[in-house]
Structures are given as structure tokens and as C-alpha cells.
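The values are calculated or read from the model by the stated rules, or taken from the named source; none is laboratory data. Since this is a predicted model, take the numbers as computed values, not measurements. Here the Cβ positions follow ideal geometry from the backbone for every residue, glycine too, while neighbour counts run over all protein chains shown. Please note that ligands, DNA and RNA were not included when accessible areas were found on the heavy atoms of the full protein model with its side chains. Shrake-Rupley method; radii C 1.70, N 1.55, O 1.52, S 1.80 Å.
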Amino acid sequence: MLRVAAAALLRSSRGYCTSKHGTTQGRISPSLIDIAPEVRDALRHTPQSVVALESTIITHGMPYPHNLDTALEVEQIVRQQGAVPATIAIVGGRIKVGLAEEQLRLLARADSGTPAVKTSRRDMAFVMATGRNGGTTVAGTLLVADAVGIRIFATGGIGGVHREGERTMDVSADLIELGRCPVVVVSSGVKSILDIPRTLEYLETQGVCVATYGSEDCEFPAFYTRSSGSKAAYNLTSATDAAKMVHMNRALGLRSGIVIGVPIPERYAMDATEMNAVIAQALGDAERKGIYGKEVTPFILSAVSQLTRGKSLESNMALIKNNARVAAEIAVELARIENGSSTPAKQTNNAKVDTTNGVGAPVS
């Protein structure tokens, strides 16, 4: 990876102002970022086609080897749609945009000797200054994606306002970052363990547009389940509609992001009543064991997986693959729209999406 090339790319594509000390005004210094050749070439020629992927799913979201297998499959799914995957992480104290397989493997293995830190905005300076490895959260990934000019980001679910957040003030930094970064996050909504209605209210306050995808009644998904009981403001019926909104978000000069909630494919969806009971038990276990802060979500996800005998893990893997496919289709459509092509890049992108039959299968 060429650091000089990366620096030049960032300055030219993002219009950075460089101070006399060689750092960018209010942005990550390009000298700290290594961009993989595949991603660098795409950012230079068709930046709309790049899809960011977070790495906390690898380091803290799933056990080995499911985490590694899922990461590799997700990247392949993005490529199959004609887009370019860019998994973002910190390796050896340097920001990486696009990872080689050996780097993915390093982050995936808990016994690698170099455990990764769950890295949000607040953690980034420490992790990099000490030369550690970091799995970037949604917030951390948004920060880096925006810095290098990536506008589409696929993940499993975003963070939010924790249950009893009105008492604990435990609100995910993901929500703040979404209000700062004009990046589209394609996810299966807010993680089920959180307070979804308050999260949606908070996103509205941050100026973040929230839309569903392929949900005519605007029913906002709840990660493991297809419905949270809360409504989004809008529904998008195709990748073309989504890409047009992304394009307009930039044309308006808005500096806030967009959340697109994609329901988990129906055959992988879990029963809402069962999940609520399991989550309540896991939250109680976390409180009794004194788990708090950024360790809560990994603990709860692991506990839920154990309590559902692995069913929730299967659902988690399915929904991130589905979201990656949808994000890649939107990215390809965005490239088509902004590069002046008169025909869709793929016929399936204009089809109404059916999220009930599998991983983002279009209706023929």
C-alpha cells in the first residue's frame, strides 16, 4: 500500500486544506491511512462504487471462524454486484482501508497474540499511538470512510440509545457520527438490545434521514426481527431510488448521514417474543456481572447466541450478507447516475426488492 499515493488521493478527491504542519484541517491526516490498491484505484476512477465494511463484526461480533468466513463472504458478495469492498480497521497502529486476507485472519483470531481494541472515535488516538490493532465500530468506520471519500457503508446493525438510557445516558457514538458524516449506512436497523424508539428520535435530532428498504409500510427492522414496532419516515423500493437520495444528499451539501433499514430475510428472522425474552435475560446477566460501557454489546450478542443455541448467530451472518448485497447494488447505481450512464448497471437494481426470499432477492 502506497502512503504517498493515498495522501495525494485524499487531498485531490476531498479538497483538503493542509496546514503548515502537514495535517488536514479537521480531518484525519492522509499520512496515517493505508489504502489497498483495489480500493485506491476505485476511489480514483469510480469512488461511488466503493462499499465500506466495519471490522468490529470481525473482532467482537462473532466467534472464530464464523467471523473470518463471514468477512470473506461479505467482500465476495460486494464484488459480485460490481462494487468494491473496503473493510476498514486499524492494524499495527495504522488505519487500513481495504484488508488483505492475512489481515482479516489476524483480526479474527482471538488467540493471535495481538487482541484488537473495539475502536470508536474516542479510542482511535490511543490505539494508533500505541501501535495496536483495532476493530472499528460503526462510528469509527464512518469517520474513516468520510475521510477517504467513501459514501456507502454496509453493516449488521447500528448502535443507539441503550435501554434505560434516560437514566444511564448510555448513547452510542454511532448516532453522533451519523450526524457528522454524509455516509449512507445500510443495516438491519438498530440492534434489538437497544431502545429503538428513542434511537430513532435521537437520529431525527441529529438530522439523519431514516428510511426502510423494501418495506411498504415503513416498518423499521430490529436486527434479528423484521419489525421493531417503530416506523421510519420513508421507504425505498429499489437501489435506484436509494442512489438518487444519496446523490441528492451530496447535491444539497448536507453533512449528515442516512440510515437505510433492510429487514432481515424472512427465513432467517427470529420470533420477536422469543428474542425479547432472551435479550431481557442477557441484559440481566450483564447487570449482575457488572458489564458496562463498550463491553455491553459484545457481551449481550454472545449471551444471546448461547441462549438461542446459535440461531441468532446464523441470523446475524445472514443479515450482514444481505445488507452487503443491497449496499453494493446502491453503490453501483450511484456510480451509474453520477457518471452519466443512461441505463442501469444491472437490471435487478431497478426491480422491486423482495427481502422475504433470501439474501436480497429481487422480484422477477
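If only Cα atoms are counted, what is the Rg of the chain, and what is its Dmax, in Å?
Cα radius of gyration and Dmax of the chain are 19.1, 59 Å respectively.
Summing +1 for each Lys or Arg and -1 for each Asp or Glu, what net charge is found among the other residues whose Cβ lies under 14 Å from the Cβ of K311? Write out the running numbers ahead of the final one.
On the way: positive: R267, R309; negative: D271, E274, E314.
Counting the neighbours of K311, the net charge comes to -1.
Sum -39500 (n - 2.57) across every DSSP H segment of at least 4 residues in the chain, then divide by the residue count to get the 222 nm mean residue ellipticity, nearest 500.
-13000 deg cm²/dmol
Given the whole protein assembly as supplied and a 1.4 Å probe, what does the accessible area of H66 come to in Å², nearest 10?
My reading of the accessible area for H66 is about 70 Å².
Provide the three semi-axes, in whole Å and in decreasing order, of the ellipsoid equivalent to the range 58-193 as defined by the square roots of 5 times the Cα gyration tensor eigenvalues.
Working through the eigenvalues yields semi-axes of 22, 19, 16 Å.
Fully extended, how many nm does the chain gain between E164 and R122 (0.36 nm per residue separation, minus their Cα-Cα distance)?
Details: separation 42, 0.36 × 42 = 15.12 nm, distance 2.28 nm.
Gain in length upon complete extension: 12.8 nm.
So, with +1 on the Cβ of K and R and -1 on the Cβ of D and E, and no other charges, what is the size of the charge dipole of the range 30-337 about its Cα centre, to the nearest 20 debye?
580
Karplus couplings for the range 120-134 from phi (6.51 cos²θ - 1.76 cosθ + 1.60, θ = phi - 60°), rounded to Hz, Gly and Pro as x?
Taking θ as phi minus 60°, the curve returns 9, 3, 5, 8, 4, 4, 5, 4, 6, 5, 9, x, 8, 9, x Hz for the range 120-134.
Once the dipole of the range 30-337 is set up with Lys and Arg at +1 and Asp and Glu at -1 on Cβ about the Cα centre, which of N133, I58, V190 lies farthest towards its positive end?
Highest projection toward the positive end goes to N133.
Got a sec? What order do R336, R105, R167, R309 fall in by accessible area at 1.4 Å, biggest, i.e. largest, first?
R309, R167, R105, R336
How large is the accessible surface per residue of the chain, computed with a 1.4 Å probe and reported in Å² as a whole number? Present the calculation step by step, with values, prior to reporting the outcome.
Values: 15070 Å² over 364 residues.
Using a 1.4 Å probe on heavy atoms only, each residue of the chain averages 41 Å².
Looking only at GluC sites (Glu not before Pro) in DSSP loops with at most 13 other Cβ atoms within 10 Å, what is the longest site-free stretch of the chain?
In the chain, the maximal stretch lacking such sites is 1-163.
What residues of the range 253-276 lie in the reach of a label at Y234, counting those whose backbone N is under 20 Å from a point 7 Å from the Cα along Cα→Cβ?
Residues passing the 20 Å test: 253-263.
Over the chain, what is the relative contact order in whole percent, taking alpha-carbon pairs under 8 Å and six or more residues apart?
Across the chain, relative contact order equals 17 percent.
Across the range 266-279, in residue order, what do the Karplus-derived ³J(HN,Hα) couplings come to in whole Hz, using 6.51 cos²θ - 1.76 cosθ + 1.60 with θ = phi - 60° and x for Gly and Pro?
4, 6, 9, 5, 9, 6, 5, 5, 4, 5, 4, 5, 5, 5
If I compute solvent accessible area with a 1.4 Å probe over the protein chains, what percent of it on the range 30-337 is carbon and sulfur?
It is 52 percent, rounded to a whole number.
For the range 104-235, with only Lys/Arg (+1) and Asp/Glu (-1) charged at the beta-carbon, what is the dipole magnitude about the Cα centre, in debye rounded to 20?
I would put it at about 500 debye.
So, with +1 on the Cβ of K and R and -1 on the Cβ of D and E, and no other charges, what is the size of the charge dipole of the range 232-277 about its Cα centre, to the nearest 20 debye?
400
May I ask for the distance between the Cα centers of the range 60-115 and the range 121-142, given as a whole number of Å?
Each part's Cα centre sits 15 Å from the other's.
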